[in-house]
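K.L.:
Dropping a structure here in structure tokens format, bear with me for questions.
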Amino acid sequence: MERWRLNLYSVWFTQIISIMSFNFGMPFMVYYIQELGMTDPAQIKLYAGILSAGPAISLGLMAPIWGRLADRFGKKLMLLRAVLFGSVIMLALGLATQVWQLVVLRMIQGVFTGTITASSALVASTVPENRLGYSLGFLASSTAIGASVGPALGGVMAEWLGYRSSFLVGSLFLFIDVLVVTFLVQDSSDRKPLLPIGSNGTTLREKPRMRDAFLFRGWFMSAMLLLLVLRFATSIFGPYMPILIQTRLQTLEGAAGTTGLVNAFISMMMAVSGILLGKLGDRHDRMKLLRFYALAGCILGIPLSFIHSIWLLMINYGVMMFFVCGIEPVLMGATTSRIDRNQRGTMFGIQTLIGSIGWGLSPMLGGWLSIRYSLTAVLIAIPAFLLVEFILASTTGRKLSGRIPTQPVSFRQDPVA
């Protein structure tokens, strides 16, 4: 098997396990804090937003630093750091006894984990350029698969054994990832690069160049604005889905299992989207695809606020997310193909910073809307943000249209190899 394929499949597997492990307990955090003694409805909504926004803020602040370190010391090392700390933090979450401890641990989680960013940077730096869209979409499917299996299993486990067990089992699975990354994943920077030989027989070092100039390009700023709006659209309602289900059921009994099934279906649609829609960017103009996906998601998001059945809402939400989740792979493909491989860790770090701003602020906006108005208002915000995404993609986003030819990937080899 080609090295880049083994890398892709290994990282894909670790992402399924890591996201599945995190989702054993995270979707039920709202129920967990009630088990720890919080009963006031307004406080529950407030802390639902804080527990979702906290790791986003700390992740966003640290992501550019980890990205820079990935470019300097290797992307495999950063992925290993993310899964190892993830295992430790999940263990600590399962042992928490106070709500404030959950808040602190979630903040620490954002600082030291970030498996999606680490995986994306590693894959984007090791696959051939003409398979970039396919690879990023395929990798995105692992996140969705893990997010579908995790809540389903975690919900059943929570109903039978309690919420703590979900976090503890998740910690064990994350440690399996540590072993997979250690023994199966190879970074293209794992080996010492071949440097040109000078006339005196010594190796020459490349002069430093201003590679980070992409940060100030109009096309990159447009891409990050599109990513920010997309993150608001996809993250604003997630923390409040369990509350909506509990409200519709009018009881906490059975809510975890139902929430797990709903999240499983939605995530499975996202997984199919990553496999089918992401690779279209390797053959078609990515920005045309992005506009189509955003408009389709906007139209499908409109009925969400009118549906009262949990199962009809699940189907509608899942189909909407099928199109919406096609946006990020083609957007990242459009930006990644314009940036040198040895700077893609930095690029994904900046991307995570921008995405985390949306991930952190959107639950807070959703919390304000749900307290000031209702959960229905949060659902209305989804197609509104997707409409903004379509408008931006049709205007400033045109800077990202077209294809940029790049060099094929090659894994570095020792001189004696």
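K.L.:
Determine, for W66, W100, the number of other Cβ atoms within 10 Å of each Cβ, and report the residues in order from fewest to most. Each step should come with its number before you reach the end.
P.N.:
On the way: W66 25, W100 11.
Going from least to most buried by this count: W100, W66.
K.L.:
Please report the relative contact order for segment 1-120, taking Cα pairs under 8 Å with a sequence separation of at least 6, and give it as a percent rounded to a whole number. Before the final figure, lay out each step's value.
P.N.:
Numbers: 85 pairs, mean separation 42.5, N = 120.
Here the relative contact order equals 35 percent.
K.L.:
Rounding to the nearest 20 debye, state how big the charge dipole of the chain is about its Cα centre with +1 on each Lys and Arg Cβ and -1 on each Asp and Glu Cβ.
P.N.:
1340 debye
K.L.:
Turning to a different aspect of this structure: What order do you get for 109-118, 2-11, 334-343, 367-376 when each peptide is scored by the mean count of other beta carbon atoms within 10 Å, highest first?
P.N.:
Sorting 109-118, 2-11, 334-343, 367-376 by mean packing, highest first, produces 109-118, 334-343, 2-11, 367-376.
K.L.:
Oh, and also: Give me a comma-separated list of calculated 3J(HN,Hα) values for segment 47-60, in order, Karplus coefficients 6.51, -1.76, 1.60 applied at θ = phi - 60°, integers in Hz, x for any Gly or Pro.
P.N.:
Computed from phi, the couplings for segment 47-60 are 6, 4, x, 5, 5, 7, 7, x, x, 5, 5, 5, 5, x Hz.
K.L.:
Using Cα-Cα distances under 8 Å and only pairs 6 or more residues apart, what relative contact order does the chain have, in percent?
P.N.:
Relative contact order, the chain: 30 percent.
K.L.:
Then there's this: Would you mind ranking S119, S148, S394, S58 so that the residue whose beta carbon has the fewest other beta carbons within 10 Å leads the list?
P.N.:
On the way: S119 29, S148 26, S394 14, S58 21.
The most exposed by this proxy come first: S394, S58, S148, S119.
K.L.:
For I339, enumerate residues with amide H under 5 Å from its amide H, sequence gap 5+ or separate chain, H modeled in the peptide plane.
P.N.:
The list, which skips near neighbours in sequence, is empty: none.
K.L.:
Among M29, G54, G67, whose Cα projects farthest towards the positive end of the dipole of segment 1-144, with charges put on the beta-carbon of Lys, Arg (+1) and Asp, Glu (-1)?
P.N.:
G67
K.L.:
Using the alpha-carbon atoms, what tilt in degrees (0 to 90, nearest 10) does helix 163-184 show relative to the longest principal axis of the chain?
P.N.:
It is inclined by approximately 10 degrees.
K.L.:
Oh, and also: Convert each backbone phi in segment 221-230 into a coupling constant with the Karplus relation 6.51 cos²θ - 1.76 cosθ + 1.60 (shift: θ = phi - 60°), then list the ³J(HN,Hα) values in order as whole Hz, x for Gly and Pro.
P.N.:
Taking θ as phi minus 60°, the curve returns 4, 4, 4, 5, 5, 4, 5, 4, 5, 4 Hz for segment 221-230.
K.L.:
If you plug each phi of segment 100-117 into the Karplus form 6.51 cos²θ - 1.76 cosθ + 1.60 with θ = phi - 60°, what whole-Hz ³J(HN,Hα) values come out, in order, with x for Gly and Pro?
P.N.:
So the Karplus estimates, Gly and Pro as x, are 4, 5, 4, 4, 4, 5, 5, 5, 5, 4, x, 5, 10, 9, x, 5, 5, 4 Hz.
K.L.:
Here is a further query. Assuming R0 = 30 Å, what is the FRET efficiency of R3 and L215, from their Cβ-Cβ distance, to the nearest 0.05? Each step should come with its number before you reach the end.
P.N.:
Details: r = 30 Å, r/R0 = 1.02.
Using R0 = 30 Å, I get an efficiency of 0.50.
K.L.:
Sticking with this structure for a sec: Please work out the Cα center distance from segment 309-368 to segment 94-145, rounded to the nearest Å.
P.N.:
12 Å
K.L.:
Something else about it: Rounding to the nearest 20 debye, state how big the charge dipole of segment 280-411 is about its Cα centre with +1 on each Lys and Arg Cβ and -1 on each Asp and Glu Cβ. List each step's numbers first, then the result.
P.N.:
Values: 11 positive and 5 negative charges, 72 e Å.
Around 340 debye, computed over segment 280-411.
K.L.:
Going by average Cβ neighbours within 10 Å, how do the peptides 42-48, 178-184, 356-362 rank, with the highest at the top?
P.N.:
Descending packing order for the listed peptides: 356-362, 42-48, 178-184.
K.L.:
Which of the peptides 312-319, 345-352 is most tightly packed, and how do the rest follow, going by the mean number of other Cβ atoms within 10 Å of each residue? If you can, show how the numbers build up before the last one.
P.N.:
Numbers: 312-319: 19.1, 345-352: 27.1.
Peptide ranking by packing, descending: 345-352, 312-319.
K.L.:
Subtracting the Cα-Cα distance from 0.36 nm times the residue separation, let me have the gained length for V104 to I299 in nm, one decimal.
P.N.:
Full extension of this stretch gives 66.3 nm more.
K.L.:
For the chain, what does -39500 (n - 2.57) per DSSP helix run (n ≥ 4), summed and divided by total residues, give at 222 nm, in deg cm²/dmol to the nearest 500?
P.N.:
On the way: 16 runs with 296 residues, N = 417.
It lands at -24000 deg cm²/dmol.
K.L.:
When a footprinting reagent is the concern and you count Cβ atoms within 10 Å, what order do E35, E159, E389, E253 take, fewest first?
P.N.:
Numbers: E35 13, E159 16, E389 29, E253 10.
Ascending Cβ contact count within 10 Å gives the list E253, E35, E159, E389.
K.L.:
Hey, rough spin-label estimate for I380 and A42, points 7 angstrom out along Cα→Cβ, what's it come to in nanometres?
P.N.:
2.2 nm
K.L.:
What's the extension gain from H308 to R398 if we count 0.36 nm per residue and subtract their Cα-Cα distance? All intermediate terms of the calculation are to be shown ahead of the outcome.
P.N.:
On the way: separation 90, 0.36 × 90 = 32.40 nm, distance 3.84 nm.
Full extension from H308 to R398 adds 28.6 nm.
K.L.:
Could you tell me what fraction of 2.2 N^0.38 Å the Cα radius of gyration of the chain comes to, as a two-decimal ratio?
P.N.:
0.98
K.L.:
Using the Cα centre of segment 1-142 as the reference point, and only Cβ charges (+1 on K/R, -1 on D/E), how large is the resulting charge dipole? Debye, rounded to the nearest 20.
P.N.:
440 debye
Taken together, the values in this text are just the output of simple stated rules run on the coordinates, not laboratory data. Computed from a prediction, not measured in an experiment: that's the story for all the values here. All Cβ positions, glycine included, derive from the backbone under ideal geometry; neighbour counts span all protein chains shown.
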